[in-house]
Amino acid sequence: LQSQADTLRRRYSGLTFDAVAVNGPSALQFALQYRETIFPGVPIAFNGLATRQFAEKTWPGVTGLTTPVGLGETIDLALRLQPDTTTVAVLAPKEDPYWLAATHAELLRYRDRVKEVYFYGPPNRELFQKVTALPDRTVVLFHLAPPASGPPPLAGLDLIDAIAERMPTYSAWRSLCLGRGCIGGAYGDSTKETVEFAAMTARLLAGDRPESIPIANAASLTVQVDWRALQRWQIPESSLPEGSEVLYRELSL
């Protein structure tokens with residue numbers, strides 16, 4: 001990280017920044033750690049931070065938008081659409097204890113109904129074989145983001161493609177689910193969030209101080225499901241919660 005910060009400092013040493021926009025926790029952490037080296041005194045705007053994880057946290061000279069992660073709502077959806085489920089298999093990175101604890105806390109609401117089983121990355125063929133060997137009436141909850149680099153066989157998103165063909169799969173992260181064979185989950189409105197974040201950044205560019213722009217929490221969640229996955233697992237649309245969005249529907253002639 002230090003070498004990356006040094007590279008950015010040299011590359012942009014002749015420029016004056018009015019604002020820095022970052023996406024996600026690791027980007028914000030990097031910006032905070034090296035801001036005095038790369039862009040001293042420049043206000044920072046962030047997005048891509050989970051509301052439940054980062055709500056109420058503040059940093060000097062920083063504003064931004066936290067976004068909801070519908071973890072509990074996605075678990076509710078999975079057990080609503082497949083009420084005979086007896087096991088929930090969670091695929092997650094071991095180095096992210098926050099989301100493991102949050103998942104366990106949400107599943108405790110169903111402790112008299114389902115058993116929790118945890119599998120950890122990296123994504124590979126061995127992990128695929130372990131998960132697909134689980135008994136019937138198992139649903140998969142996918143938290144395992146694709147690595148930046150790694151072995152090509154069944155790595156990253158290939159793994160969820162392969163598992164979703166064999167087992168009903170859900171994820172609270174849209175990018176890990178929709179369009180990948182996964183059934184769905186509960187997600188925020190990414191378009192509204194982008195517009196809101198852009199408006200915050202524009203205020204910084206206009207000269208407003210970050211302290212005058214409170215960190216906002218995007219709160220809305222909508223159930224979104226893949227019509228093709230509903231057909232594969234013979235789930236009737238009438239089982240969906242009211243207001244759900246059904247995507248990728250095949251149109252008739």
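Using a 7 Å offset from the Cα along the Cα-to-Cβ direction at both K94 and W227, what is the distance between the two label points in nm, to one decimal?
4.3 nm
Give the lysines reachable from K94 as a straight Cα distance under 27 Å; neighbours fewer than 8 places away on the same chain don't count.
Cα-Cα hits under 27 Å: K57, K115, K130.
Give the angle, between 0 and 90 degrees and rounded to the nearest 10, that separates the Cα long axis of helix 25-38 from the longest principal axis of the Cα atoms of the chain.
Long axis of 25-38 versus the principal axis of the chain: about 10 degrees.
I want to check the label-to-label distance for L134 and L251. Put each point 7 Å from Cα in the C-beta direction and report it in nm to one decimal.
Between L134 and L251, the simple spin-label model gives 3.7 nm.
Please calculate the 1.4 Å probe accessible area of S13, with all protein chains present, and give it to the nearest 10 Å².
The accessible area comes out at roughly 90 Å².
Taking all protein chains in place and a 1.4 Å probe, what share, in percent, of the accessible surface of segment 184-235 do carbon and sulfur account for? Could the numbers behind the result be given before it?
On the way: 1490 of 2810 Å².
About 53 percent, which is the carbon plus sulfur part of the accessible surface.
Tell me, what is the FRET efficiency for R80 and N124 to the nearest 0.05, using R0 = 35 angstrom and their Cβ-Cβ distance as r?
So the FRET efficiency works out to roughly 0.65.
Quote the relative contact order of segment 66-214 in percent (integer), defining contacts as alpha-carbon pairs under 8 Å separated by 6+ residues. Display every interim value, and only then the final one.
Values: 217 pairs, mean separation 39.2, N = 149.
After rounding, I find 26 percent.
Sum -39500 (n - 2.57) across every DSSP H segment of at least 4 residues in the chain, then divide by the residue count to get the 222 nm mean residue ellipticity, nearest 500. The partial results should precede the final answer.
Values: 9 runs with 90 residues, N = 253.
Here the helix-only value at 222 nm equals -10500 deg cm²/dmol.
Putting +1 on Lys and Arg Cβ atoms and -1 on Asp and Glu Cβ atoms, find which of A105, T58, T132 reaches farthest to the positive end of the dipole of the chain.
T132
Tally the DSSP beta bridges in the chain and give the antiparallel ones as a percent, rounded to 5. Numbers along the way, then the final one.
Values: 4 of 32 bridges.
Roughly 10 percent of the DSSP beta bridges within the chain come out antiparallel.
For the chain, calculate the relative contact order in percent as a whole number, restricting contacts to Cα pairs under 8 Å that are 6 or more residues apart.
Details: 435 pairs, mean separation 51.7, N = 253.
This gives 20 percent for the chain.
Which one, L157, L144, L65, has the greatest fluctuation when you compute a Gaussian network model over the chain with C-alpha springs under 10 angstrom?
L157
In terms of solvent-accessible area of protein heavy atoms at a 1.4 angstrom probe, what is the ranking of T222, T85, highest value first?
On the way: T222 45, T85 5 Å².
Correct descending sequence by accessible area is T222, T85.
Which residue, G243, G181, G14, tops the fluctuation ranking in a GNM of the chain built on C-alpha contacts under 10 Å?
Of G243, G181, G14, the Gaussian network model singles out G14 as fluctuating most.
Over every pair of different alpha-carbon atoms in segment 120-253, take the mean of 1/r and invert it; report that Kirkwood radius in Å. Write down the numbers at each step before the final one.
Values: mean 1/r = 0.0580 Å⁻¹.
Every distinct Cα pair counted, the radius reaches 17.2 Å.
Label A219 and L32 with points 7 Å out from Cα along Cα→Cβ: what is the distance between them in nm?
2.5 nm
List the extent of the Cα atoms of the chain along each of their three principal axes, largest first, rounded to whole Å.
For the chain, the Cα extents along the three principal axes come out at 60, 45, 39 Å.
So how strong a dipole does segment 45-181 carry about its Cα centre when Lys and Arg Cβ are +1 and Asp and Glu Cβ are -1, to the nearest 20 debye?
Values: 14 positive and 14 negative charges, 20 e Å.
The dipole of segment 45-181 has a size of about 100 debye.
Can you tell me which of L240, L49, L205 moves the most in a GNM of the chain? Springs connect C-alpha atoms under 10 Å apart.
Maximum among the listed residues: L205.
Provide the net charge surrounding D226, with neighbours chosen by a C-beta distance below 10 Å and charges set as Lys +1, Arg +1, Asp -1, Glu -1.
Values: positive: R180, R228, R232, R249; negative: none.
Net charge in that neighbourhood comes out at +4.
With every protein chain present, what is the per residue accessible area of the chain (1.4 Å probe, Å²)?
Details: 13480 Å² over 253 residues.
Per residue, the chain has 53 Å² of solvent-accessible surface.
Relative contact order for segment 30-120: what is it in percent, counting Cα pairs under 8 Å that are at least 6 residues apart? Write out the running numbers ahead of the final one.
On the way: 82 pairs, mean separation 21.9, N = 91.
So the answer I get is 24 percent.
As I understand it, the value is the acute angle between the Cα axis of helix 71-81 and the longest principal axis of the Cα atoms of the chain; what does it come to in degrees, rounded to 10?
Result, in degrees: 20.
Express the carbon and sulfur contribution to the solvent-accessible surface of segment 1-116 as a percent, rounded to the nearest whole number, probe 1.4 angstrom.
Carbon plus sulfur share of accessible area: 50 percent.
The values are calculated or read from the model by the stated rules, or taken from the named source; none is laboratory data. Since we're looking at a predicted model, the values are computed, not measured. Don't worry about glycine lacking a Cβ; one is built from the backbone with ideal geometry, like all the others, and counts go over all protein chains shown. For accessibility, only protein heavy atoms count, side chains too; no ligands or nucleic acids. Shrake-Rupley method; radii C 1.70, N 1.55, O 1.52, S 1.80 Å.
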